[in-house]
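The values are calculated or read from the model by the stated rules, or taken from the named source; none is laboratory data. No experiment lies behind these values; they were computed from the predicted model shown. Note that we place each Cβ from the backbone using ideal geometry, even for glycine, and neighbour counts take in every protein chain shown.
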Amino acid sequence: MSEIETTVDEIMTTPPRSIDADATVASAARALTERGIGSLVVGEDRIEGIITETDVVASIVEEHDPARMSVRELMSSPVVTARPTDTVRRAGELMGKNQVKKLPVTEEGRPVGIVTTTDLAHFLPRQRVQMAARPESEIREGEFE
């Protein structure tokens, strides 16, 4: 299956990790570190926002107190999302156009997964190798570009 046909649900991470908007930035940082992930979806039934490790680091640089600052104050909102049936190409286009590295996947407004630039980086080389392994009929034996 090519990258044009492969759907987001085939490469997304499930379930997406989430956090409550009223949680502290310190607890978000702890969750990111313990789980070894780069983002948390804010809200479980409906996405309210997203908080990333970059957001947490930026808040520290700006000298905010992570123990007192809420996730709500730091999260990005609104959030660019994809659907499970969107193609991987479409997900990449959404990320590029909106300059985001994390793309929550929703079904009927509920978060069901997440696709990251890392997921795309792991997926695309596999597709290129699969495509390169197919012989081209117009190239004769011993002919190279």
Hits in the range 71-116 (condition: out of contact with any helix residue (DSSP H, G or I) (no Cβ under 9 Å at 6 or more places or on another chain) and of a type in the set (Lys, Arg)): Arg72, Arg89, Lys97, Arg110
Matching residues in the range 12-40 - criterion: being under 13 Å from Leu120 (Cα atoms) and crowded, with 17+ Cβ neighbours inside 10 Å: Met12
Filter result for the condition that a residue is touching a Phe, Trp or Tyr at 6+ places or on another chain (Cβ under 6 Å) and touching a residue at least 40 places away in the same chain (Cβ under 8 Å), over Ile50, Ile11: Ile11
Filter pass, Arg46 being more than 15 Å from Ala26 (Cβ to Cβ), out of contact with any strand residue (DSSP E or B) (no Cβ under 6 Å at 6 or more places or on another chain), at pLDDT below 95 and not in a helix (DSSP H, G or I): yes
Top-ranked residue of the range 66-78 - restricted to ones that are within 22 Å of Val105 (Cβ to Cβ) and among the aliphatic types (A, V, I, L, M), ranked as surrounded by the most Cβ atoms within 10 Å (Cβ to Cβ): Val71
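Residue-wise test of (1) in a strand (DSSP E or B); (2) within 22 Å of Asp119 (Cα to Cα); (3) touching a residue at least 60 places away in the same chain (Cβ under 8 Å).
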residue: Asp22; (1), (2), (3): no, no, no
residue: Ala26; (1), (2), (3): no, no, no
residue: Glu34; (1), (2), (3): no, yes, no
residue: Val41; (1), (2), (3): yes, yes, yes
residue: Asp65; (1), (2), (3): no, no, no
residue: Arg68; (1), (2), (3): no, no, no
residue: Val80; (1), (2), (3): no, yes, no
Residue match in the range 55-65 (condition: under 16 Å from Pro15 (Cβ atoms) and either surrounded by 15 or more Cβ atoms within 10 Å (Cβ to Cβ) or modelled with pLDDT of 95 or more (or both)): no
